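Dumping the structure here so I can ask a few things about it.
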Amino acid sequence: MVKPRLGQHFLIDSSVAQREIAYAGITKNDVVLEIGPGKGIITCLLAEKAKQVIAIEIDRHLVEYLQTMLPKNVTLICADALSVDFHSLPRFTKIVANLPFEISSPIMFKFLQSTFSVAVLIFQKDFAERLVASPGTKDYSRLTVGVSYKAQCRMLETVPRNCFSPQPKVDSSIVEIIPYQKPRFTVKDEQFFFELTKQLFNHRRKKIRYTIKSIYGNIEQLPFLDQRVEELTPEQIGQLSDQLYHFI
């Protein structure tokens, strides 16, 4: 039975699953992490190509079903992926998944705390568009800045909503994520940079000077004060973060 609270929309189109795995270039040397295997359509295809698959599924009824049909090179874990310490898992090289919609943002940032060569993931299309958005567009967001600091993202294809059951209200996209070996640019304090980014986007229509004044006080010796955060590149937000960090 589908559990809406878990964001379950099972992929039912095997051709989409095959293309997703092809994009990831899976070989017999790869250990692949999958979040939300559902009924196993992607899992079984991954198992044919990879050395090992680590599949994390929160729904114990699905785990009971999967245990009856998955190959031996699949390690199945019944848990909430957001609570699993990825560093305690066998070292995975790639990530391939049709992600539950409700955890898209937190799991994305959790992935970027891990080490892997490529992730090929299915997200809701509007979420995917936020990942790759440009400054000055409506989709440009805190998510865009945080992810682009750590990785290169691109949308590979749109997946129609009728490829899932139950059918979601929107289409999805397959997204490729390749982490940088080092962050795209350097900042003096990452935690401060991420917190400032969050605060600025919480007030994205305000000029930066007013948001900073309300939180940190009246500091005039900063760049970009008369602009809005949605107009700045991630690198410029990093510059602002570094200069503000100097004053506090």
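Once you have the Kirkwood Rh of region 190-247 from its Cα pairs, apply Stokes-Einstein at 10 °C and 1.306 mPa s and quote D in µm²/s.
144
What does the charge count near Val96 come to, summing +1 for each Lys or Arg and -1 for each Asp or Glu among other residues with Cβ under 12 Å from its Cβ?
Within the 12 Å Cβ shell, the charges total -1.
Full-extension gain between His61 and Glu102, please, as 0.36 nm times their residue separation minus the C-alpha to C-alpha distance.
Taking 0.36 nm per residue and subtracting the Cα distance, the gain is 12.8 nm.
Could you work out the helix-only [θ] at 222 nm for the chain, with each DSSP H run of four or more residues adding -39,500 (n - 2.57) and the total divided by the number of residues, to the nearest 500 deg cm²/dmol?
Values: 9 runs with 88 residues, N = 248.
The per-residue figure over the chain is -10500 deg cm²/dmol.
Apply the Karplus curve 6.51 cos²θ - 1.76 cosθ + 1.60, θ = phi - 60°, to the phi angles in region 37-44 and return the couplings in whole Hz, x for Gly and Pro.
Per residue, the Karplus-derived 3J(HN,Hα) values read x, x, 9, x, 5, 6, 4, 5 Hz.
Related question: How large is ³J(HN,Hα) for each residue in region 63-76, as worked out from phi by the Karplus curve 6.51 cos²θ - 1.76 cosθ + 1.60 (θ = phi - 60°), to whole Hz, x for Gly and Pro?
Result, rounded to whole Hz: 4, 4, 5, 4, 4, 7, 9, 8, x, 5, 8, 9, 9, 9.
Amide H to amide H under 5 Å from Glu157: which residues, 5+ apart in sequence or cross-chain, H placed 1.01 Å off N in plane?
Here Ile174 satisfy the definition.
List every residue whose amide H lies under 5 Å from the amide H of Gln152, counting only residues 5 or more places away in sequence or on a different chain, with H placed 1.01 Å from N in the peptide plane.
Correct list: Ile178, Tyr180.
Compactness ratio of the chain: Cα Rg over 2.2 N^0.38 Å, N = residue count?
Taking the Cα Rg and dividing by 2.2 N^0.38 Å, one obtains 1.11.
Please report the antiparallel percentage of DSSP beta bridges with both residues in the chain, rounded to the nearest 5.
Of the beta bridges lying entirely in the chain, close to 50 percent run antiparallel.
With every atom except the alpha carbons ignored, what do you get for Rg and Dmax of region 136-214, in angstroms?
Every Cα atom of region 136-214 included, Rg and Dmax give 16.6, 48 Å.
How long are the semi-axes of the equivalent ellipsoid of region 106-174, defined as square roots of 5 times the Cα gyration tensor eigenvalues? Whole Å, largest first.
They are 21, 16, 10 Å, listed from largest to smallest.
For Leu82 and Ile178, what does the FRET efficiency come to when R0 = 22 Å and r is the distance between their Cβ atoms, rounded to the nearest 0.05?
0.45
Any read-out appearing in this document is the output of simple, stated calculations on the displayed coordinates, not a laboratory observation. All figures in this text were calculated on a predicted structure; none of them were measured in a lab. All Cβ positions, glycine included, derive from the backbone under ideal geometry; neighbour counts span all protein chains shown.
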